[in-house]
1. Being under 26 Å from residue B:56 (Cβ atoms) and of a type in the set (Asp, Glu) narrows it down to one of B:119, B:191, so name that one.
2. In region B:117-128, is there at least one residue being among the polar types (S, T, N, Q) and assigned to a helix (DSSP H, G or I)?
3. Just wondering, is there one or more residues in region B:129-146 that are charged (D, E, K, R) and either at positive phi or part of a loop (DSSP other than H, G, I, E, B) (or both)?
4. Examine region B:11-18 for a residue that is within 20 Å of residue B:146 (Cα to Cα), touching a Gly at 6+ places or on another chain (Cβ under 9 Å) and in the same structural domain as residue B:191 (by TED's automatic domain parsing), and state whether such a residue exists.
5. Which residue out of A:23, A:36, A:90 is modelled with pLDDT under 95 and either exposed (fewer than 11 other Cβ atoms within 10 Å of the Cβ) or acidic (Asp, Glu) (or both)?
6. Which residue, of B:129, B:113, is touching a residue at least 24 places away in the same chain (Cβ under 8 Å), over 30 Å from residue B:14 (Cα atoms), buried (at least 22 other Cβ atoms within 10 Å of the Cβ) and over 13 Å from the mean Cα position of the chain (by Cα)?
7. Any chance region B:92-102 includes a residue that's assigned to a strand (DSSP E or B) and in contact with a Lys or Arg (Cβ under 7 Å, 6 or more places away or on another chain)?
Amino acid sequence: MTATTTTAPVVTEPRERVRRPRRRSLSPGRRLPAARLVGPALLLAVWAAASAAGRLDPGAIPAPWTVLRTAGHLWTAGTLPTDIATSVERAAYGFAIGLVAGVVLALASGLSRVGEALIDGTVNLNRAIPTLGLIPLFILWLGIGEAFKIAIIAIVVYVPIYLNTHAALSGIDSRFVELAEVQGLSRLRFVRQIVIPGALPGFFVGLRLGVTGSWLGLVVLEQINATSGLGYMMFQAQNYGQSDVILVGLLVYGVFGLVSDSAVRLIERRVLSWRRTLSS
Amino acid sequence: MAPHTEQLTRPAARLRGLTRSFDGRTVLDGIDLDLPAGQFTALLGHSGSGKSTLLRAVAGLDHKVAGSGRLDAPERVSVVFQDSRLLPWRRVLDNVLLGLDGKDAERKGRQALAEVGLEGRERAWPSELSGGEAQRAALARSLVREPELLLADEPFGALDALTRIRMHGLLRELWKRHRPAVLLVTHDVDEAIVLADRVLVLEKGRIGLDLTIDRPHPRSYRDPLLGEYRERLLAALGVTEDQ
C-alpha cells in the first residue's frame, strides 16, 4: 500500500478556488484614466449627435461647431478677448481681496480672544445677510463701476474662507498644544509650525468654495449690472436672439471654473502631500 | 556623554508638599519627593490615583489646576506621552527637531534617530510608521534635547506585548547612555520592576510605598527574586495573588 502511494507522483494543482469569504474592498478602487473628462466628453458627444441629426432647434441650442465658429469670429473681431480680460480682472481682484481678508480675519480671530470677540460674531452676522442682497446698497455707495462688483465678489469669497479657516484654527488638537509647551516653542513658532499647518486642510476647503463663489458672484453681477465683460456680451446677445453667443459666454465661464478649481486642487495636493486619504 | 559627577548628589527634581485638586477633590495630597539626578524611577498607581497629575505637575503642564506646594524642576525636561504625538505634517526628522535650534541640530536629530533604530526613516511621514516606530521617534525627540529629567506617561501603554518588550530594552539602554533622571508612570507592575531602580506607589494622593530594587540589569520577567518585589508592590496596590 505504501509502495503505490509513494511511487505515484502526487501532483497537487495550486488551488485557484480558495474557500474563504471575499472581503469587499470599501475604497472606491483605482481611478479611471482622465476620469474627470469622461462625463463632459459624453455630454458633448450627445449634443453633437443630436445637432447633426437635426433633433435640436438651432435657434435655441445651436450646434457645437456653430458655437466654436462664433467664438472664433468674436475672438478675431477682438470683442471676446476684451470681454474675457474685463471679467477675469474683476474675478481676480475680488478673489484676491476676499482671500486676504478671509485669511487675515481668520488668523486674528482664531489666535486671539479679543480678535474672536470682535470678528467672529460680526462675520457670522455678515454671513446671515445674502451677499447678493447687498448689491443695491453697494451701487449707491460705490457707483455702478468696477468697485462695487469687486467688493461684492470679495465678500462672496471671504466668507467661506474665513469660516473654514477659523474652524480649523480653533479646532487644533489640544494634545499638540501640550507638545508645543513641552518642546518649549515660542508663540510665533507654535503658530507657524503647528497652528497654521494644522489649519491648512480647512483653509483649502474654504479656498475651493471661495473660487467657486468668485465665479458665481461674477456671473450674477455681469448679468444684471454690467456695461462690459462676458455677462454684458451675453446680455446683449439675449436682446438680439444670438443663442450661440450666449453659449460662447457659458463655455468660457465653464472653462474658467474648471481651470481654477483644478489649479486649487493641484496646489492642495502638493501642499497636503502628507495626507493619505481615499482620493490618493 | 558622561554623567556629571555633581549630578549624582544634586536632585533633578524636588517636590515639597505638592497638592493638586480638581473641583475640590484632592488628587495629590502633599507629596514630598526627591528625584535624584540619573535615577530611573517608576511611579505605579491605580487608574485615577493621580499619577498622571503628578507627572503633568512636574512637566509644568497643569496651568488651570488648583494646587499648592513647592516644585523645583530642572531647565531641560522632556516628556514622552502615551501616544507618539508626532505632527502628521512634518517628516520624522523635522518632528524630532521640533523646537530645537542651532546649526548642529540636524546632526543631533539624525544621531538620535539612529540611536532608536530609525536610521533611514528621516524623510518618512509619521503616518508611514508603525506604532512602535512612532514611539521610538517620540523617544528620539525627547532625547535630542539632552534632558536632565525625562518624564514618560505610560509610553508603552498603546503598544503590543512584543513591541513593548523591545522598547523596554531600548529605553533602558538609552537611559544608560544619557543618564537623565527618569520618572516612568505606568500601571504595569512588571514593567516597573524590570525597568526601574526605584518604584513608587501612589495611594490616596500620597507616596504609599517607596521601594528600591537592587537587582542587576538586564532583568528577566522570570527572575524569582523579583517575585518578592512584585508581591510587595501588588500588596501596596491592594491586590493579592489569589484575587
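1. B:191
2. Within region B:117-128, the subset among the polar types (S, T, N, Q) is B:127.
Among the residues that remain, those that are also assigned to a helix (DSSP H, G or I) are: B:127.
Yes: region B:117-128 contains one or more residues that are among the polar types (S, T, N, Q) and assigned to a helix (DSSP H, G or I).
3. Looking for residues that are charged (D, E, K, R) and either at positive phi or part of a loop (DSSP other than H, G, I, E, B) (or both), one finds at least one in region B:129-146, hence yes.
4. Looking for residues that are within 20 Å of residue B:146 (Cα to Cα), touching a Gly at 6+ places or on another chain (Cβ under 9 Å) and in the same structural domain as residue B:191 (by TED's automatic domain parsing), one finds at least one in region B:11-18, hence yes.
5. A:23
6. Only one candidate qualifies: B:113.
7. If we filter region B:92-102 for residues that are assigned to a strand (DSSP E or B), which is where we start, we get none.
Among the residues of region B:92-102, not one is assigned to a strand (DSSP E or B) and in contact with a Lys or Arg (Cβ under 7 Å, 6 or more places away or on another chain), which makes the answer no.
One line per residue, one yes/no per condition, for (1) buried (at least 16 other Cβ atoms within 10 Å of the Cβ); (2) in a helix (DSSP H, G or I):
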residue	(1), (2)
B:12	yes, no
B:15	yes, no
B:20	yes, no
B:26	no, no
B:31	yes, no
B:38	yes, no
B:47	no, no
B:52	yes, yes
B:55	yes, yes
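The values are calculated or read from the model by the stated rules, or taken from the named source; none is laboratory data. Remember, it's a predicted structure, so these values are computed and weren't measured experimentally. Neighbour counts are summed over all protein chains in view; Cβ atoms, including those assigned to glycine, are modelled from backbone coordinates with ideal geometry.
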